[in-house]
Amino acid sequence: MTDQVTPVDSDTSDASDIPGKPTSASRTTLSHIMSHNDTNLLGTVHGGVIMKLVDDAAGAVAGRHSGGPAVTASMDEMAFLEPVRVGDLVHVKAQVNWTGRTSMEVGVRVLAERWNESAPPTQVGSAYLVFAAVDADGKPRRVPPVLPETDRDRRRYQEAQIRRTHRLSRRRAILELRERRVAEGFDD
């Protein structure tokens, strides 16, 4: 977690007094050419470099959508599908998939293409991040609802709701387990 904001992803859509924003209003693409400085011991681009690009693009989208600062609350389902090599031009495409009262899920696709070839880019990764909008004091603040524009946007919105349900269920189950362990005398 980049910054601590509570509650994380526990809000519900109740922003009827804030005008919504269409998905396209904050969608962005961040492009970067990979160099030798980005490689791991295997000679391919380090996963952490890709994750930073993902977080940067998602943060820009979250800030645009919310109209101010937003911090990373969680990253889940980061998938690396193909290795990225030195000389690849990486495109990180991000958009808000879902919004709650103070949080947003941002979906990210990572594409790579050889800098000197005209072949179409290949998808090399994807991730889902939850951002919380914060005010100047670091306290959660309301975000505008996202307005899906296309069938694909509506599908992403529905899938984001499923992921949110799973995140909240997992968090509840873990907290219940910890409480039971404490009640049983385990001090871990």
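The values are calculated or read from the model by the stated rules, or taken from the named source; none is laboratory data. The structure presented is a predicted model; accordingly, all values stated were derived computationally and were not measured. For neighbour counting, all protein chains shown are included, and Cβ atoms are generated from backbone atoms with ideal geometry for every residue, glycine included. Quick note on the areas: whole protein, heavy atoms, side chains included, nothing else; ligands and nucleic acids left out. Shrake-Rupley method; radii C 1.70, N 1.55, O 1.52, S 1.80 Å.
Taking a straight Cα-Cα cut-off under 19 Å and skipping sequence neighbours fewer than 8 places away in the same chain, the lysines within cross-link reach of LYS52 are LYS93.
The stretch between TRP115 and ASP151, if pulled fully straight at 0.36 nm per residue, gains 9.7 nm over its current Cα-Cα span. Of the labelled options [x] 36, 22, 15; [y] 31, 23, 15; [z] 27, 18, 15, which one gives semi-axes √(5λ) of the Cα gyration tensor in Å as computed for this structure? So the calculated entry is the one marked [y]. Using the beta-carbon distance between GLU82 and ILE174 and R0 = 35 Å, what value does 1/(1 + (r/R0)^6) give for FRET efficiency, to the nearest 0.05? Efficiency, from the Cβ-Cβ distance: 0.60. For ILE18, ILE174, ILE162, the ranking by accessible surface with the largest value first comes to ILE162, ILE174, ILE18, using a 1.4 Å probe. Each Lys and Arg adds +1 at its Cβ and each Asp and Glu adds -1 at its Cβ; summed about the Cα centre, region 93-180 shows a dipole of about 440 debye. Where the centre of each part is set by its Cα atoms, how far does region 75-89 sit from region 33-47, in angstrom? Between the Cα centre of region 75-89 and that of region 33-47, the gap is 11 Å. By accessible area, using a 1.4 Å probe on protein heavy atoms only, region 36-82 has 58% of its surface on carbon and sulfur. Taking every pair of alpha-carbon atoms in region 14-77, give the share separated by more than 13 Å as a whole percent. Beyond 13 Å sits 71 percent of the P(r) for region 14-77.
Between LEU147, ALA133, LEU175, the Cα set farthest toward the positive side of the dipole of region 128-188 (charges on each charged residue's Cβ, about the Cα centre) is that of LEU147. Can you work out the PRE-style zone for THR122? Point 7 Å along Cα to Cβ, and I want the residues of region 80-104 with backbone N under 15 Å. Only 80-91 pass the distance filter. A cut-off of 5 Å between modelled amide H atoms, ignoring neighbours fewer than 5 places along the same chain, links HIS46 with THR39, ASN40. Rounded to the nearest whole Hz, the Karplus-based 3J(HN,Hα) values (6.51 cos²θ - 1.76 cosθ + 1.60, θ = phi - 60°) of region 168-182 follow the sequence 5, 5, 4, 4, 4, 4, 5, 5, 5, 4, 4, 4, 4, 5, 5, with x at glycine and proline.
DSSP beta bridges in the chain, what fraction antiparallel, as a percent rounded to 5? If we restrict to bridges inside the chain, about 95 percent are antiparallel. Between the helical axis of 47-66 and the longest alpha-carbon principal axis of the chain there is an angle of about 60 degrees.
Put a plus charge on the Cβ of each Lys and Arg, a minus charge on the Cβ of each Asp and Glu, and nothing anywhere else: the dipole of region 32-122 about its Cα centre is then about 220 debye. Taking every protein chain into account, the accessible area of region 126-184 amounts to 66 square angstrom per residue (probe 1.4 Å).
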